[in-house]
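The values are calculated or read from the model by the stated rules, or taken from the named source; none is laboratory data. Nothing here was measured: the structure is a model prediction, and the numbers come from that model. So basically every Cβ, Gly included, is an ideal-geometry build from the backbone, and we count neighbours across all protein chains shown. To get the accessible areas, we keep the full protein, side chains included, count just its heavy atoms, and leave off ligands, DNA and RNA. Shrake-Rupley method; radii C 1.70, N 1.55, O 1.52, S 1.80 Å.
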Amino acid sequence: MFNDIGALELLTLGVLAVLVFGPDKLPKLIQDVTRTIRKIREFSDSAKEDIRSELGPQFKDFEFEDLNPKTFVRKQLMDGNDDLGLKEIRESFDLRKDLAEVTDAVNGRTPAASDTANSAADGAASGTGSTSLTKTGDTTPDLLKKAPRQDRPERPPFDADAT
């Protein structure tokens, strides 16, 4: 809940607390707050135990965190349960290969079967751009080379009185 509070924020809250409550009342206030939090935790733990005892022995390994939808989905789909074959589906995604195919399609190339791994690594590493021949003869995108400028037709003169 408060994982993103840094040292500067804590120091600011401490200084603000001293200014608002005063240095003489602040220790008593901290004791009251910690006592209240401890009572709330005890109440929550006893309520969980009561619910577990009412559910019976078949639910003794039931965790209340599993009621959170995100935790439930993560536990059911991402852990060792592979009833749906999701592990095979996850492993079948090869983003480098897909990126290389898209890059080849954009550049109008048809890679050979042995070139697929090389073009996948090249495509993932360098992205898209103009192509140039390297020393080995492969065509790879060259991000440093600027594309040739297209000749644009001359714009008609601007007439301020016509508008």
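Keeping to pairs on different chains or 8 or more places apart, tell me how many lysine pairs in region 1-67 have Cα atoms under 24 Å apart.
Lysine pairs, 8 or more places apart or on different chains, close enough: 4.
Stretched out fully, how many nm does the piece from residue 158 to residue 26 gain, at 0.36 nm a residue minus the Cα gap?
40.2 nm
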Exercise. Would you please put 54-60, 96-102 in order of how densely packed they are, using the mean number of other Cβ atoms within 10 angstrom per residue and starting with the highest?
Key: 96-102, 54-60
Practice problem: Multiply the residue separation of residue 107 and residue 66 by 0.36 nm, subtract the distance between their alpha-carbon atoms, and state the gained length in nm to one decimal. | Solution: 9.9 nm
Practice problem: Can you sort 93, 158, 64, 21 by 1.4 Å-probe accessible area, starting with the largest? | Solution: 158, 93, 21, 64
Self-check item: residue 33 accessible area, assembled protein chains, probe 1.4 Å, Å²
Solution: 70 Å²
